[in-house]
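Below you'll find the structure, written out as structure tokens, and then a few comments.
Just so it is clear, none of the values below were taken in a lab; they were calculated from the coordinates. The structure displayed is predicted, hence computed values, not measured ones. Using ideal geometry, Cβ is built from the backbone for each residue, glycine included, and neighbour counts are taken over all protein chains shown.
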């Protein structure tokens, strides 16, 4: 649909586990495709439905492989079970978003909830959950007790992390035809979204429409 990344992959998202990071990048790609389609003025409903199904299917496979990785480490069952419960919630949330998009087509012209929820869905899974658990595993491997490992991970994540998302969107070709222009305008929109409060998004076109 579009080569513009609304959620660009960042090294800050890397857990340091090659398999998990590669699968996270694929999740980011699918989410970018969904968001690009939702924000497009073209009729992409069929493609977006397909992408939601792809997101759900890939998420399930990713969680199975991720849970197998975590099961290989000597973690307390409660810690692993809590993580698996979060995975089940994320799969249910993906189903909810798909159903909402299908059953409320009149809301597709106002995609704020969808974009914000997708941003939180992604950042909570990668930043607030997977990175924290990988840090705990690393600490345990280095000889820390479980309590010490959790405390260290909490300190590193400044939390446990309470993740929020502010998304800025610039569309091709309305907001620019050069990649540098689109990225700069998306940054401008993101900063405007941050000023408006947590968990929101802003279109660059909305900024451009405001009087000087």
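Work out, step by step, the length gained on full extension between residue 146 and residue 14: first 0.36 nm times the residue separation, then minus their alpha carbon distance; give nm to one decimal.
45.2 nm
Along the Cα→Cβ direction, 7 angstrom out, place labels at residue 25 and residue 174. What is the inter-label distance in nm?
3.1 nm
Taking all pairs of different Cα atoms in region 51-106, averaging 1/r and flipping that mean, what Kirkwood radius in angstroms comes out? Don't jump to the answer; show the numbers that get you there.
Numbers: mean 1/r = 0.0801 Å⁻¹.
Final number for the Kirkwood radius of region 51-106 is 12.5 Å.
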